[in-house]
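As structure tokens, the structure follows; a few thoughts come after it.
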Amino acid sequence: MRVAGQIDIAASPEQVWEFITDPERVLHFMSGITRWEVEGQQATGCGARYRMLMRVGSAEVGGTVEVVEYDELRDMAWNSVTGVDQRGRWRVRERAAGRTHVEFRLSYGVAGAGILGYVSERLSAPTVQNNIRRSLQQLKRAVEHEQLRRAAAERRSARASA
Amino acid sequence: MAEAPTAPQDHARNGHRKEGLNGSAAATGAESGHGEKPGSGGAGLAGLAGKALGAITGALGNRIPVADLDERDPDFIRERLPGLWLLSSLYFRGEVRGLGNIPERGPVLMVGNHSGGNVTPDTHVFTLAFCAYFGVERRFYQLAHNLVLSMPGLGILRKFGTVAASPDNMRKALESDAALLVYPGGDYEVHRPSWEGNRVDFGGRKGFIRQALRHDVPLVPVVSIGGQQTALFLSRGEALARALALDKMFRLKVLPISLAVPWGLNVGDMLGHVPLPAKITIEVLPPIHLREEFGADPDVDEVYDHVLRLMQETLDALASERRYPVIG
């Protein structure tokens, strides 16, 4: 099953990238995700591994994922190593100065699960889709608030120095 | 599903004593306080009845598969997870809390209260939750009653990691760093009347504590509610089971009587039943490190009272959240 969502954020790709690649911030904006922990020594970049779980229905589903593609400020993709089969991708593109288009894609399933697998994927899709939609909205809010907070801090320090 | 066995025995097949089911019944019954003296089945009508009993016991003993922890098949489990998810999420509206309390790695003995007759929805819901949370790669075994494993068509359970309840299987599982789920109350608890549904009742079985001490593993209580609302359980039928010598033949101390779909009056529940779609809620409690909390040589009775009290308090709290039977 493949679900995706996209949103425009009034911020630069650098500011968005900072949020989505920081494992400590993921739980702050990802809806439905109950765990996103670094496994091993590497926290970011290609080869970094995370233990992730998303609540879907009666279970927290996920496993260990590994970042397999890390194109700075553009793409980050991961594949599952253990647990449910999944592949995820953040796609970040600059639309105009100070505006960034962000897309989140997630494919998941259980190979060999047959008709029950198909039915469960279909039935779980709305929950996962809602989680993605909410996550993108929360990411937008978090990034834009962070930008406003920084701008206010700069104004305060400018006033103080004047 | 299973009661925790107590003491090492001579093993022939499947970690059970050579006399098969009868011997196991004696072993577990002795510590549970529900048992009979071994070998008393041949008394009374003597000869003929004794031989018939022995033949039935032997035949069933042969049906119990040889214990092999390697029969657990992670790929098989992974492929069944979607089906379990559908059952758990849509039918039982399962809710499992506190899985983070289970140690991330290493052997652990999880102790649950058991409900739902021979169809145990709490086990289905918990198995899905555990396998989804930790991944099917983590070794996870469940101890089950001999009769469950000897039933035709239930061989599938072995692929899920279900093994017969015996000290040997318990030792093997824990030595392989697995998470092991036991239901000390077993058949005694699972068939308690519906109006005792909110009561943890292990029937005095304390073998799980001795095993946790012997293998020095943490105990993790797992409390569930809702299973006893999947049918109207009327009586355990203990007297009936004794009269029919089921305790000697099958380690069955009960012959439950219930009102269940589709049978109506359901005696024995041997063919199972269609469970009502009761909401199942499960709460996993923090691990109990016995020697850290109770000293180098813990008193089993004291630990038993502590575990039971913790579980009962949690069950009471879960019960207070429920507004309606079945619906939850």
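Only the coordinates and a few stated rules stand behind these numbers; no lab work does. Source: prediction; values computed, not measured. Reconstructed Cβ throughout: ideal geometry from the backbone, glycine too, with neighbour counts over all protein chains shown.
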Problem set entry | Spatial separation of Cα centroids for segment A:8-56 and segment B:175-249, in angstrom | 43
Exercise. Say a paramagnetic label sat at a point 7 Å from the Cα of residue B:97, along Cα to Cβ; which residues of segment A:59-86 have their backbone N under 20 Å from it?
Worked result: A:59-61
Exercise. Could you give the length gained on full extension between residue A:2 and residue A:34, defined as 0.36 nm per residue of separation minus the Cα-Cα distance, in nm?
Worked result: 9.5 nm
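Based solely on its DSSP helices, what 222 nm [θ] is calculated for chain A when runs of n ≥ 4 H residues each add -39,500 (n - 2.57) and the sum is averaged over all residues, nearest 500 deg cm²/dmol?
Values: 3 runs with 60 residues, N = 162.
Result for chain A, helices only: -12500 deg cm²/dmol.
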Problem set entry | Rg(Cα)/(2.2 N^0.38 Å) for the protein assembly as shown, N = residue count | 1.14
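Using Cβ counts within 10 Å as a stand-in for footprinting exposure, how do B:151, B:170, B:270, B:311 rank, fewest first? Please list the in-between numbers first.
On the way: B:151 16, B:170 29, B:270 12, B:311 21.
Ranking B:151, B:170, B:270, B:311 by Cβ neighbours within 10 Å, fewest first, gives B:270, B:151, B:311, B:170.
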For this session: Would you kindly calculate the mean projected area, averaged across all directions, of the convex hull enclosing the Cα atoms of segment B:241-314, in square nanometres?
Result: 8.2
For this session: Please give the average number of partner chain Cβ atoms lying within 10 Å of the Cβ of each residue in B:124-133, rounded to a whole number.
Result: 4
Problem set entry | Exposure proxy order (Cβ contacts within 10 Å, fewest to most) of A:67, B:182, B:274 | B:274, A:67, B:182
Exercise. To the nearest 0.05, what FRET efficiency results for residue A:147 and residue B:326 with a Förster distance of 45 Å applied to their C-beta separation?
Worked result: 0.30
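Counting other C-beta atoms within 10 Å, which of A:9, B:327 has the fewest, and how do the rest follow?
On the way: A:9 24, B:327 11.
In increasing order of surrounding Cβ atoms, one gets B:327, A:9.
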